[in-house]
Amino acid sequence: MQHLLNVDDLDHDFIFEIIDRARLIKRLRHGEEINRFWSDLSNLLTNRLMITMFFQPSTRTRLSFEAAMSYLGGKVIGTENAEEFSSFKKGASIEDEFRVISGYCDIIVGRFKNDGDALLAASKCEVPIINGGDGKGEHPTQALIDLFSIVEKFPSPEQLHISFVGDNRRSRTVHSLARLLAGFKNVGRMNFMSCPDLTVPLDFMQEIDQRSGRQIAALYAYVDDNLIHRSDVVYVTRSQDEHGGSVDNGLVFGPNYAAMMPENSIILHPLPRNSELPIAVDNDPRAYYFDQAHNGLYLRMALLEALCPRNRF
Ligand code: NCD
């Protein structure tokens, strides 16, 4: 049984197998072979059941996982407000809840309020658990979607220059993607740009440098025009107010910044967006965040195919 709790659970061969498969699934859905998308994939997980157990709101993660399982022929049950609608409300522990539901299904996708809850959930769980985001911790499947979106444009992440703009302190998507990219040889540079209250912790910067074996992480206050000029990818995030209170991050990545980026670059955002990414940026050819969100379906189909047990006996 293989849980996916953080990006360290992913090795490079597996990552590229999943991305290749997601690319194929996307091609089927968008090309003349749409019937193959509906037919060839539709019985890969017949009779398999996925439970989604979400302790925090979600649009993309929960619905794209549920759509992915449905397109693969599997079944889905779950609760989207587990804090209110499960026995957690009656004082049950995370460990007990996941131990119980693991007896009802073949795979679980969970989203959690606190860092480390995914690990607790997995501790007594008898089927694979996929972490759909835990507190300020990790969001490994979003990192895979982000990487898939990046390699669509830049087939090799070597020498990639990426700028993270926004809540780099509390965004689990930033933590997972930065860790994942740091594991690639020769990734170029990672610039972390935030207002002072949302700046990435120093020990995280050190961890990134350690993972890559070189000094690649650099910290900036607010948006640095010179670096935006040189960024292949700008990854914008909203202020994660549910994780430690409201902070007006004062950063707006508007069309003026988008226009500074190289022509062949992309702007990503895990969504939802607030005022940090005005809709006027949607018209810029570098805006790739809705494609990124849609990539979630293909990537999660590939992942479920790989992780959902086919033979249990
Ligand atoms: C992200 C999350 O939940 O961490 N959303 C998502 O899954 N696409 C980002 C966010 O909520 O800001």
Selection from the stretch 212-244 of residues within 24 Å of residue 265 (Cβ to Cβ) and of a type in the set (D, E, K, R) yields 214, 224, 225, 230, 232, 238
In the stretch 227-238, how many are more than 9 Å from the ligand (Cβ to nearest atom) and among the hydroxyl-bearing types (Ser, Thr, Tyr)? 2
For residue 302, which of the numbered conditions (1) away from the ligand (no atom under 13 Å from the Cβ); (2) closer than 18 Å to residue 25 by Cβ; (3) in contact with a Ser or Thr (Cβ under 9 Å, 6 or more places away or on another chain) fails to hold? (3)
Quick check: is even one residue across the stretch 183-191 open to solvent by 20 Å² or more (accessible area, probe 1.4 Å), in a strand (DSSP E or B) and away from the ligand (no atom under 16 Å from the Cβ)? yes
Which residue pairs have Cβ atoms closer than 6 Å, lie 6 or more positions apart in sequence or on different chains, and pair a first residue in the stretch 40-58 that is aliphatic (A, V, I, L, M) with a second residue that is within 16 Å of the ligand (Cβ to nearest atom) and open to solvent by less than 40 Å² (accessible area, probe 1.4 Å)? 53/82; 53/110
Restricting the stretch 42-91 to residues that are open to solvent by 20 Å² or more (accessible area, probe 1.4 Å) and among the aliphatic types (A, V, I, L, M), the one nearest to residue 111 (Cα to Cα) turns out to be 63
Would you confirm, using the coordinates I've provided, whether residue 30 is open to solvent by 80 Å² or more (accessible area, probe 1.4 Å) and either among the polar types (S, T, N, Q) or under 24 Å from the mean Cα position of the chain (by Cα) (or both)? yes
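Conditions (1) part of a loop (DSSP other than H, G, I, E, B); (2) within 14 Å of the ligand (Cβ to nearest atom); (3) on the phi < 0 side of the Ramachandran plot, marked per residue:
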{"position": "125", "(1), (2), (3)": "yes, no, yes"}
{"position": "155", "(1), (2), (3)": "yes, no, yes"}
{"position": "164", "(1), (2), (3)": "no, yes, yes"}
{"position": "170", "(1), (2), (3)": "yes, yes, yes"}
For the stretch 92-146, what are the residues that are open to solvent by less than 10 Å² (accessible area, probe 1.4 Å) and among the hydroxyl-bearing types (Ser, Thr, Tyr)? 102, 141
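In the stretch 200-291, which strands (runs of 3 or more DSSP E) lie fully inside it and hold 2 or more residues that are under 18 Å from residue 162 (Cβ atoms) and modelled with pLDDT of 95 or more?
233-236, 266-268
What number of residues within the stretch 288-299 satisfy the criterion of being open to solvent by 10 Å² or more (accessible area, probe 1.4 Å) and either more than 16 Å from the ligand (Cβ to nearest atom) or not aliphatic (A, V, I, L, M) (or both)?
The total comes to 4.
How about the stretch 1-101: which helices (runs of 4 or more DSSP H) wholly inside it have at least 1 residues that are of a type in the set (Ser, Thr, Tyr) and away from the ligand (no atom under 16 Å from the Cβ)?
Correct list: 34-40, 60-71.
The values are calculated or read from the model by the stated rules, or taken from the named source; none is laboratory data. Fair warning: this is a prediction, and the values are worked out from it, not measured in the lab. Don't worry about glycine lacking a Cβ; one is built from the backbone with ideal geometry, like all the others, and counts go over all protein chains shown. Remember, those area values only see protein heavy atoms, side chains included, never the ligands or the DNA or RNA. Shrake-Rupley method; radii C 1.70, N 1.55, O 1.52, S 1.80 Å.
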